[in-house]
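Q: Dumping the structure here so I can ask a few things about it.
The values are calculated or read from the model by the stated rules, or taken from the named source; none is laboratory data. The structure presented is a predicted model; accordingly, all values stated were derived computationally and were not measured. Don't worry about glycine lacking a Cβ; one is built from the backbone with ideal geometry, like all the others, and counts go over all protein chains shown.
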Amino acid sequence: MKKGQATIFIIIGIIIFIAIVLVLSIPKITKRTIETERKVIPSQVEPIENFIEACIQDTAVTGLQLFGLTGGFPRNTGEDFITYYYENGIKIPQLNTLERNFEIFLQENVPECIGNSYNEYSLDKGIMISKVKFNPKNIIITTNYPITVARDDFKIQLNEFENNFNIRIGYIYTISSKIVERTALNPSYIDIGYITSINDLSITVLRDEPNLIYSIQDEFSILDNQPYQFYFGIKP
């Protein structure tokens, strides 16, 4: 092989090597760029982002209060509405159904709280999608809500928000399910005014003729400076 041909092969090999390195580096560069863009928010937009998160937070507090009063259906705000977990058989709603109920509540009420403007900025809202997770020890609310913030020639879009509550809905739900199952086996053992404690939860049985209403109070779940309360009904 001539010296000139060997040089050409070496150059081609170097070019191929550089191309491979560049191709492998592009995803990493793109990922870093995206992550940087997500973190960099102009200082004038920070109050707006805080305002939106506060709207989600305040709406969630109201929703959680209604959620507890109605047994997991915050959309039904009638004064006498309560969910019966036992009525001609066990009818305990699935936990993911309760999560979905809360997601719908947020999606119906948060946009009204935010409105269409903040000071001199216009807020062009897209479609809001909330994901609620009721864990044993807390609640995580992840909201994807594209909102374009604009004023004069300035424009930026906000998308993702997260709100957390130290409310043990998942745990309360588990205990509620156990109470219903036990009551279904022996409904006669419950007395009106019955008060007990199960794993740090205070449980009281009330009468709503001719039905029973359970009140569960959790001293370890504080909402709006008060222990969280959750109610559900049983029709013996």
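Q: Restricting the search to the stretch 201-235, which residues are outside any strand (DSSP E or B) and in contact (Cβ under 8 Å) with a residue 60 or more places away in the chain?
A: The one that is outside any strand (DSSP E or B) and in contact (Cβ under 8 Å) with a residue 60 or more places away in the chain: ASP224.
Q: On the given criteria, is ALA54 surrounded by 13 or more Cβ atoms within 10 Å (Cβ to Cβ), within 30 Å of ILE234 (Cβ to Cβ) and either touching a residue at least 60 places away in the same chain (Cβ under 8 Å) or of a type in the set (A, V, I, L, M) (or both)?
A: Considered against the rule, which asks whether it is surrounded by 13 or more Cβ atoms within 10 Å (Cβ to Cβ), within 30 Å of ILE234 (Cβ to Cβ) and either touching a residue at least 60 places away in the same chain (Cβ under 8 Å) or of a type in the set (A, V, I, L, M) (or both), ALA54 comes out as no.
Q: Can you tell me which condition TYR145 does not meet? The list is (1) more than 15 Å from GLY68 (Cα to Cα); (2) surrounded by fewer than 18 Cβ atoms within 10 Å (Cβ to Cβ); (3) at pLDDT 95 or above, and all the others hold.
A: The number of the failed condition is (2).
Q: Just need a number here: residues in the stretch 148-173 that are in contact with a helix residue (DSSP H, G or I) (Cβ under 9 Å, 6 or more places away or on another chain) and exposed (fewer than 14 other Cβ atoms within 10 Å of the Cβ).
A: 3
Q: Please give the number of the condition ALA150 fails out of (1) farther than 20 Å from GLU46 by Cβ; (2) part of a strand (DSSP E or B).
A: ALA150 satisfies all of (1) farther than 20 Å from GLU46 by Cβ; (2) part of a strand (DSSP E or B) except (1).
Q: Would you check if there is a residue in the stretch 76-93 being surrounded by 13 or more Cβ atoms within 10 Å (Cβ to Cβ), at pLDDT 95 or above and of a type outside the set (Ser, Thr, Tyr)?
A: no
Q: Determine which single condition TYR173 fails, assuming it passes every other condition in (1) assigned to a strand (DSSP E or B); (2) touching a residue at least 40 places away in the same chain (Cβ under 8 Å).
A: Among (1) assigned to a strand (DSSP E or B); (2) touching a residue at least 40 places away in the same chain (Cβ under 8 Å), the lone unmet condition for TYR173 is (1).
Table: residues versus (1) in contact with an Asp or Glu (Cβ under 8 Å, 6 or more places away or on another chain); (2) farther than 30 Å from ILE198 by Cα.
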| site | (1), (2) |
| --- | --- |
| SER117 | no, yes |
| LEU123 | no, yes |
| MET128 | no, yes |
| VAL132 | yes, no |
| LYS137 | no, no |
| THR143 | yes, yes |
| ILE156 | no, yes |
| ILE169 | no, no |
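Q: Can you tell me how many residues in the stretch 182-236 are at pLDDT below 75, of a type in the set (A, V, I, L, M) and over 18 Å from GLY89 (Cα atoms)?
A: Total satisfying the criteria: 3.
Q: What's the number of the condition SER25 fails, among (1) at pLDDT below 85; (2) closer than 24 Å to GLN157 by Cα; (3) of a type in the set (Ser, Thr, Tyr)?
A: If we test SER25 against (1) at pLDDT below 85; (2) closer than 24 Å to GLN157 by Cα; (3) of a type in the set (Ser, Thr, Tyr), just (2) comes out false.
Q: A follow-up question, please. Just to be sure I understand, how many residues within the stretch 110-147 are assigned to a strand (DSSP E or B) and more than 29 Å from PRO74 (Cβ to Cβ)?
A: Result for the stretch 110-147: 2.
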